[in-house]
Amino acid sequence: MHLTSTSSIAERDAAYRAIAAGLPDMLVVVFDADLRIRMLEGGGLAQALLPGSAYEGRDVAILVAPDAREETIIRHKAALAGHRSTFPCTTVSGGRQYHVTVGPLDGGSASDPLGIAVWHDVTDRNEVHARLQHLADHDPLTGLVNRRRFEQDIDHHLSLCRRYGPRGAVLLIDVDHFKYVNDTLGHAAGDELIAQVAEALQTRLRESDVLARLGGDEFAVLLPQVDLAGAEAVAESLVADLRGHARGKEDDRPRPVTASIGVAVVGPSEFSANELLTQADLAMYDAKEAGRDQYAVYRDEAAEMEAGTGAEIAGIRTRVRWLDRVQVALEQDRFVLHGQPIVELATGATVGHELLLRMLGEGDALIPPVAFLPVAERFGLIPAVDRWVIAKAIGLAAAHGSRFSINLSARSLAQTDLVDFIADRIAGEKVDPSQLTFEITETAAVTNIASAQTFAEGLHDLGCRLSLDDFGAGFGTFSYLKHLPFDEVKIDGEFVSGCTRSGFDQMVIDAVVRMASTLGKTTVAEFTGDRETTDLLRDAGVTYAQGFHLGRPGPLVLDRGPAR
């Protein structure tokens, strides 16, 4: 039934105004067949910078920005014909963003049809979404795009190359001796240096170039429109610019900063973003080995034949061979796990083992991890290696009923499905999750506290334990500890190996033990090399220890647990 009397219309309009005025962040517009505003009310009028009743009697299009007026008129006319729709628009005053829903209003009549538009202010929500998107795509320290976004930009460029022909290059830039800055001057000085390097790089590059921080002290550049000569010219100038403008400080004295750069040019063969970055990474290693503070170019097999062999090519080939060996070891199960005993100092009992990875070479000769893990880490194979170790460790725990500690890389922490992988393996093997301790380094935790926290909380939900490895190597901040539900602190061997001769090392060990004890956590000391060290650690209250004095790494010889 339609309201037609003057009094009824007045009551209706008053009711509409009362309801609309109480709606926060919203506007309500009632309009007639001529698209004139009959009523403009709402709790969001002040934010919208609209004068309310002063606009009544004017065309609805006056409310929106000029570029949206045509669509606004079409939508409002359709509403009078009985069609409902929702569309985005921006107000003419204040520039706030809205989702507008328009439709017919039952209070109208055949001779005087009315429509209603409800404006929902989404400005703040859109700004939050934009900020979250920016955080997902950018490095928080420098504001540069991160690895994820950079790889997307490369893939987009490569898709253009497939259509218009190959052109462009990728540079991978690594700050020389950055670890020394972090270790001696602290993370704050390291962050300041990274910011300086980013600024120096941005100053030199063109607006069309894409500069990214991949993580740590690594940067990368996409040069969309260059050939090899152009890419080398940019790389050479970046090396010189960083040497001339970026400065670290040591004892309040400026010290020059240098970088090594690898160059990979887009060629006729089809490559992914990851493959192109790997090529630039291989070349960057050659620049490091050639003495740093310079650039090197990646050459494929055809280019090598033309250019001849040399130290640069030999270095690339060596790393490629190790990459191939790691991939073969994963595919053919050519890894083995050795165990180093973990001893409870109060009782002398072996309570578990830390699992250590070895590769099987020719004749099943054991290859130590130092030979292949840096390459696996550098070129993105380490998450697959970590999963191999996890799967084998859980199988061993199921077979022997023993406790094992498993080391994880920083890259694996960022994999959102890793906890699910662990959970599936635990369920499949029917293992008590408390038998498994996952070790992450303090540095990895500090570098990506959000990923570490998510991973740690997932582990605790499963019932596994978390150990902070190499604790004290980055001594200087405890603030991140409150964000991590860890169970165990593993004191860095640097403080353990010489503690019987160093009062400072003893002080550090005592501080870590006191902190862990206060929080109800256990402690493990690695690199325990003799009886005197063992006695000192026991007297200091350290819970567990491992080292050559207590047991060397070796093949696991374990009693089989109870039948399952």
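The values are calculated or read from the model by the stated rules, or taken from the named source; none is laboratory data. Note that the structure is a prediction, hence the values are computed from the model and not measured. Here the Cβ positions follow ideal geometry from the backbone for every residue, glycine too, while neighbour counts run over all protein chains shown.
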If we take region 82-195, then helices (runs of 4 or more DSSP H) inside it with 1 or more residues that are free of Cβ contacts under 8 Å to residues at least 24 places away in the same chain and not assigned by TED's automatic domain parsing to the domain that holds residue 238 are 123-137
Could you list, in sequence order, the residues of region 58-81 that are in a loop (DSSP other than H, G, I, E, B) and exposed (fewer than 13 other Cβ atoms within 10 Å of the Cβ)? 81
Subset of region 488-507 that is more than 15 Å from residue 467 (Cβ to Cβ) and within 31 Å of the chain's Cα centre (by Cα) - its residue that is modelled with the lowest pLDDT: 494
Output the number of the condition that residue 29 fails; it satisfies all remaining conditions of (1) modelled with pLDDT of 85 or more; (2) under 46 Å from the mean Cα position of the chain (by Cα); (3) surrounded by 19 or more Cβ atoms within 10 Å (Cβ to Cβ); (4) over 13 Å from residue 119 (Cα atoms). (4)
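Quick check on residue 54: is it within 18 Å of residue 112 (Cβ to Cβ) and either modelled with pLDDT of 80 or more or in a helix (DSSP H, G or I) (or both)?
The answer is no for residue 54.
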Name every residue in region 361-413 that is of a type outside the set (Phe, Trp, Tyr), touching a strand residue (DSSP E or B) at 6+ places or on another chain (Cβ under 6 Å) and farther than 22 Å from residue 433 by Cβ, in order of residue number. 361, 366, 367, 369
What tally of residues in region 348-376 results from selecting those that are under 28 Å from residue 542 (Cβ atoms) and of a type in the set (A, V, I, L, M)? 7
Need pairs with beta-carbon distance below 6 Å; first residue in the same structural domain as residue 358 (by TED's automatic domain parsing) and among the small types (Gly, Ala, Ser) and within region 539-564, second surrounded by 12 or more Cβ atoms within 10 Å (Cβ to Cβ) and at pLDDT below 85; sequence gap 6+ or separate chains. none
All positions within region 399-420 that are over 19 Å from the mean Cα position of the chain (by Cα) and farther than 22 Å from residue 488 by Cβ: 399
